[in-house]
Amino acid sequence: MHDHLKIIGLSGTNGAGKDLVGQLLANDHSYLFISVTELLRTEARRRGLPVERQFLRTISAEWRRERGLGVLVHEALMAYQATGQQYAGVVMSSLRNPAEADAIHKAGGTLIWIDADPQIRYARITAHDRGRSGEDDKTFEQFLAEEADEMNAPADGDNASLNMAAVKERADMTLVNNSSELGLLKEDIAKLLN
């Protein structure tokens, strides 16, 4: 394995399969998988807020302003370092701010952008019980509107806001995940690692 693949950041569109790729890297390639979105969900629950995208965006921006723009990457790297050498590397998803992409690169890692056709992605989030009913209960139009909100920093936003388009520009490689065949995705991941 290449050294730059010991630290992998995953970003991409909603429903593209970022967490699935993270889980497959954990299960098949001995990576520690950390969902930074799950860190935000835990914080929303701690605060008694609904686990909905708008609240997760607010919390992530607040953390970036208070603790540094790369805070979510730093949290994941600290968790990985605390495990010693028991994992082949660390993979974290879902990075949504360009400073997080920069933090991955500064740590010597690789950023992978994961995407799929919007209809396929919407079908995925509505067909599976992912334990995110509040986040996933929406029309296709709402799904696309939320994604548009997250792709570009809002006009009144700051550098702590979500800006997935800027993250995509910083990606080292892209993985298109339109297939429902798990075997094909596993093959694509193995190719990326080699």
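FYI, it's all coordinate maths here, none of it is from the lab. As the structure is a computational prediction, the values presented were derived from the model and not from experiment. All Cβ positions, even for glycine, are placed from backbone atoms using ideal geometry, and neighbour counts span all protein chains on display.
Which residues, counting only those in segment 65-74, are surrounded by 14 or more Cβ atoms within 10 Å (Cβ to Cβ) and either closer than 17 Å to Ser35 by Cβ or acidic (Asp, Glu) (or both)?
Hits for segment 65-74 are Gly70, Val71, Leu72, Val73, His74.
Which residues, counting only those in segment 149-185, are crowded, with 16+ Cβ neighbours inside 10 Å, touching a strand residue (DSSP E or B) at 6+ places or on another chain (Cβ under 7 Å) and over 22 Å from Glu62 (Cβ atoms)?
Lys168, Arg170, Ala171, Asp172, Leu175, Asn177 - these are the residues of segment 149-185 that are crowded, with 16+ Cβ neighbours inside 10 Å, touching a strand residue (DSSP E or B) at 6+ places or on another chain (Cβ under 7 Å) and over 22 Å from Glu62 (Cβ atoms).
Tell me the residue from Tyr87, Tyr80 that is over 15 Å from the mean Cα position of the chain (by Cα), buried (at least 19 other Cβ atoms within 10 Å of the Cβ) and over 22 Å from Ala153 (Cβ atoms), please.
Details: Tyr87 fails: buried (at least 19 other Cβ atoms within 10 Å of the Cβ).
None of the others qualify; the one that does is Tyr80.
Looking only at residues in segment 20-51 that are outside any helix (DSSP H, G or I) and under 16 Å from the mean Cα position of the chain (by Cα), which one is surrounded by the most Cβ atoms within 10 Å (Cβ to Cβ)? Spell out how you get there, then give the answer.
Restricting attention to segment 20-51, the residues satisfying the condition of being outside any helix (DSSP H, G or I) are 30-35, 47-51.
With under 16 Å from the mean Cα position of the chain (by Cα) added as a condition, the list becomes 31-35.
Numbers: Tyr31: 24, Leu32: 19, Phe33: 21, Ile34: 21, Ser35: 19.
Top of the filtered list is Tyr31.
Within segment 98-111, is there a residue that is out of contact with any Phe, Trp or Tyr (no Cβ under 6 Å at 6 or more places or on another chain), crowded, with 19+ Cβ neighbours inside 10 Å and basic (Lys, Arg)?
Within segment 98-111 (the criterion being out of contact with any Phe, Trp or Tyr (no Cβ under 6 Å at 6 or more places or on another chain), crowded, with 19+ Cβ neighbours inside 10 Å and basic (Lys, Arg)), the answer is no, since none of the residues qualifies.
Please note which helices (runs of 4 or more DSSP H) are completely contained in segment 75-194 and include at least 3 residues that are within 21 Å of Thr37 (Cα to Cα).
On the way: elements: 98-106, 118-127, 133-136, 140-151, 164-170, 182-193.
Passing ranges, in order: 98-106, 118-127, 133-136, 140-151, 164-170.
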